[in-house]
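Visitor: Here it is, the structure, as structure tokens.
The values are calculated or read from the model by the stated rules, or taken from the named source; none is laboratory data. None of the values given here were measured: they were computed from a predicted structure. Don't worry about glycine lacking a Cβ; one is built from the backbone with ideal geometry, like all the others, and counts go over all protein chains shown. In case anyone asks, the SASA skips ligands and DNA or RNA and just uses the protein heavy atoms, side chains included. Shrake-Rupley method; radii C 1.70, N 1.55, O 1.52, S 1.80 Å.
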Amino acid sequence: MDSSLNVIEVSRVTPSDSSKSLTLPLTFFDLLWFKLHPVERVFLYRLTDATRPFFDSVIVPNLKSSLSSTLSHYLPLAGQLVWDSIDQKPSIVYTPNDAVSFTVAESNADLSWLTGNKPFPTAELYPLVPELSNSDDSATAVSFQVTLFPNQGFCIGVNAHHGVLDGKTTTNFLKSWAHTCKRHQEEQEQTANASLPQDLIPVYDRTVIKSPEDMETVILNKWQSLLKFFSGGKEPDNPKSLKLLPSPAINPDVVRFTLELTREDIQTLRERLKRESSSSSSPKELRLSTFVVIYSYVLTCIIRARGGDPNRPIGYGFAVDCRSLMDPPMPSNYFGNCVSAAFKMPMTAELVMGEEGFLVAARMVSDLVEGLDESVPFKIPELLDAFTTIPPGSQVLSVAGSTRFGVYGLDFGWGNPERVVIVSIDQGEAISMAESRDGNGGVEIGFSLKKHEMEVLIDLLHAGLKN
Ligand SMILES: CC(C)(COP(=O)(O)OP(=O)(O)OC[C@H]1O[C@@H](n2cnc3c(N)ncnc32)[C@H](O)[C@@H]1OP(=O)(O)O)[C@@H](O)C(=O)NCCC(=O)NCCSC(=O)CC(=O)O
């Protein structure tokens, strides 16, 4: 499917109420992520009424006007990340009339391919995601693109700087935008700066993030060491550069696949773990949350799909929402990053390639989750150190997204998404997680792998659900 994209316009959307300036210094949570690849998502909507005239006269104007209104509540997203030479750390700075980039485009791709359950080339997704500019001196927080698939539907592409916002904040913003857009249509009025539900109004108070003594300096120094490590020992030219780490080139034969696990599938896997654990030589109570069951299963199948030397190094990690781990707990509408990560590496592939591999993986993930406590946020420096201990050629898995964000409820007025894809998992051996579209307690897992490996993985994933 060699699709092509035609860019119709690239415009700037400013907050409808853009009278005040705002500066938000990054916190130590933000500093963990501020050099890493941005998070790219596409929301694919089926809408056979989506003719070009309907798109031009209804969808685009409503999305833009509601975006402008929503940005009035989320001013930092229209701003830039900057690092003033006299400042110890970067800040997000919004000044009146700053704007976000909004691209309008049309594609001849087959939407059914992108929303279906068969693998397709990951390169088909890239034209749907807008650029997010960054340079030594500044970095954009977010950018948006709406793409028409004539008479099939449309797609909203979002590119979000992870130093500015985590998944919870991103999805809170998107829920606010969808809420405003849908209401604009229902009320047929463009109420500028429309009010939002209380739980979607962002909280900018950063004094709640109690940063331990010089934690920010420690993390920034760790980044300097990492940058030197990644560049073979060469000191960074500009220690205050906001340029992101270079992204690895993506092999052209990489494909995408979305596995849909029903609540029954998850229970089948949970029962299997219970059986295997109770009959094992060291039965031990396992934390069998949805996350633990699914991540252990996927981890096992992905490592097996690659096969190879059983002694090859592997590792895994996952993001941890620290909002509930902070004292006092952070509000769910806190604006920014409040995620750290847990990881285990290096290990050898044989650990999970044997008969008991799924149980071994579940024990490891369960232990890691059980071990999470209020100290997690303060272990971020160790996390950065771990990057330098990853043996070359390791297969290290991580998780983007979460089953808690409610991304399938994002209705802008033309229905819920048919598929939500985190495009940027290509940038590292990540999988993505989201709640299932039908809201019945299932989970969707997104994969990005080379074609032949994906074929082996799909067979393993399906086979494991049968026994
Ligand atoms: C560390 C964890 C993965 C461990 O998850 P577990 O499910 O095992 O454990 P838990 O204590 O969180 O949850 C136990 C049970 O309570 C439920 N539960 C707990 N908190 C909940 C909440 N806020 N909303 C809905 N359900 C919740 C869980 O679903 C689970 O039930 P049940 O077993 O029925 O499910 C999780 O705590 C966590 O932090 N998840 C969020 C990670 C995150 O934010 N990722 C995105 C990073 S940002 C990113 O990646 C970029 C982006 O997305 O843009």
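Visitor: Residue check: is ARG206 in a loop (DSSP other than H, G, I, E, B) and surrounded by 14 or more Cβ atoms within 10 Å (Cβ to Cβ)?
Guide: yes
Visitor: Search the stretch 278-295 for residues being touching a Ser or Thr at 6+ places or on another chain (Cβ under 8 Å) and touching a residue at least 40 places away in the same chain (Cβ under 8 Å), and hand back the single one that is farthest from the ligand (Cβ to nearest atom).
Guide: Result: LYS284.
Visitor: Hey, among the residues in the stretch 407-430 that are touching an Asp or Glu at 6+ places or on another chain (Cβ under 7 Å) and either open to solvent by 30 Å² or more (accessible area, probe 1.4 Å) or not hydrophobic (A, V, I, L, M, F, W, C) (or both), which one's farthest from GLY153 (Cα to Cα)?
Guide: SER424
Visitor: All but one of (1) farther than 30 Å from ILE86 by Cα; (2) modelled with pLDDT of 95 or more hold for SER281; which doesn't?
Guide: For SER281, the failing item is (2).
Visitor: Ok, one more. Of the conditions (1) free of Cβ contacts under 8 Å to residues at least 12 places away in the same chain; (2) under 23 Å from the mean Cα position of the chain (by Cα); (3) not in a helix (DSSP H, G or I), GLU382 fails just one. Which one is it?
Guide: Going through the list (1) free of Cβ contacts under 8 Å to residues at least 12 places away in the same chain; (2) under 23 Å from the mean Cα position of the chain (by Cα); (3) not in a helix (DSSP H, G or I), GLU382 breaks only (3).
Visitor: Okay, moving on. Assuming ALA434 fulfils every condition listed in (1) within 14 Å of the chain's Cα centre (by Cα); (2) free of Cβ contacts under 8 Å to residues at least 12 places away in the same chain apart from one, which condition is it?
Guide: It is condition (2) that ALA434 fails.
Visitor: Please indicate, with yes or no, whether at least one residue in the stretch 409-430 is in a strand (DSSP E or B), within 16 Å of the ligand (Cβ to nearest atom) and free of Cβ contacts under 8 Å to residues at least 60 places away in the same chain.
Guide: Yes, the stretch 409-430 contains at least one residue that is in a strand (DSSP E or B), within 16 Å of the ligand (Cβ to nearest atom) and free of Cβ contacts under 8 Å to residues at least 60 places away in the same chain.
Visitor: Considering every residue within the stretch 388-405, establish whether at least one is open to solvent by 30 Å² or more (accessible area, probe 1.4 Å), within 13 Å of the ligand (Cβ to nearest atom) and of a type in the set (Val, Ile, Thr).
Guide: Yes - at least one qualifying residue is present in the stretch 388-405.
Visitor: Kindly provide the set of residues from the stretch 301-326 that are within 16 Å of the ligand (Cβ to nearest atom), out of contact with any Cys (no Cβ under 8 Å at 6 or more places or on another chain) and open to solvent by 20 Å² or more (accessible area, probe 1.4 Å), ordered by number.
Guide: If the condition is that a residue be within 16 Å of the ligand (Cβ to nearest atom), out of contact with any Cys (no Cβ under 8 Å at 6 or more places or on another chain) and open to solvent by 20 Å² or more (accessible area, probe 1.4 Å), then ALA319, SER324, LEU325 are the ones that fit.
Visitor: A further question on this structure: Answer yes if at least one residue in the stretch 262-273 is assigned by TED's automatic domain parsing to the domain that holds GLY442, hydroxyl-bearing (Ser, Thr, Tyr), in contact with a strand residue (DSSP E or B) (Cβ under 7 Å, 6 or more places away or on another chain) and under 29 Å from TRP113 (Cα atoms), and no otherwise.
Guide: no
Visitor: With PRO252, PRO197, PRO239, PRO212 as the choices, which residue is modelled with pLDDT of 90 or more, farther than 30 Å from MET454 by Cα and either exposed (fewer than 12 other Cβ atoms within 10 Å of the Cβ) or within 16 Å of the ligand (Cβ to nearest atom) (or both)?
Guide: PRO197
Visitor: Another question about this same structure. If you go through the stretch 233-261 one residue at a time, how many are of a type in the set (Lys, Arg) and touching a strand residue (DSSP E or B) at 6+ places or on another chain (Cβ under 9 Å)? Talk me through it step by step, then tell me what you get.
Guide: Of all residues in the stretch 233-261, those of a type in the set (Lys, Arg) come to 234, 240, 243, 256.
Next cut, touching a strand residue (DSSP E or B) at 6+ places or on another chain (Cβ under 9 Å) only: 243, 256.
Selection size over the stretch 233-261: 2.
Visitor: A further question follows. Could you look through the stretch 332-348, keep only residues that are away from the ligand (no atom under 12 Å from the Cβ) and not aromatic (Phe, Trp, Tyr), and pick out the one that is nearest to ASN172 (Cα to Cα)?
Guide: Here the answer is ASN333.
Visitor: Same structure, new question: Residues MET364, MET433: which one is open to solvent by less than 50 Å² (accessible area, probe 1.4 Å) and assigned to a helix (DSSP H, G or I)?
Guide: Details: MET433 fails: assigned to a helix (DSSP H, G or I).
So the residue among MET364, MET433 that is open to solvent by less than 50 Å² (accessible area, probe 1.4 Å) and assigned to a helix (DSSP H, G or I) is MET364.
Visitor: Within the stretch 22-56, how many residues turn out to be hydroxyl-bearing (Ser, Thr, Tyr) and out of contact with any strand residue (DSSP E or B) (no Cβ under 6 Å at 6 or more places or on another chain)?
Guide: Residues flagged as hydroxyl-bearing (Ser, Thr, Tyr) and out of contact with any strand residue (DSSP E or B) (no Cβ under 6 Å at 6 or more places or on another chain) within the stretch 22-56 amount to 3.
Visitor: More than 16 Å from the ligand (Cβ to nearest atom), at pLDDT below 95, open to solvent by 30 Å² or more (accessible area, probe 1.4 Å) and of a type in the set (Gly, Ala, Ser), is that true of SER225?
Guide: Here the answer is yes, as SER225 does meet what is asked.
Visitor: Let me ask something additional. Do we have ARG275 as surrounded by fewer than 18 Cβ atoms within 10 Å (Cβ to Cβ) and within 16 Å of the ligand (Cβ to nearest atom) here?
Guide: no
Visitor: While we're on this one: If I ask for residues that are of a type in the set (Asp, Glu) and either over 19 Å from ASP426 (Cα atoms) or free of Cβ contacts under 8 Å to residues at least 60 places away in the same chain (or both), which ones from the stretch 86-143 would you list?
Guide: ASP87, ASP98, GLU106, ASP110, GLU131, ASP136, ASP137
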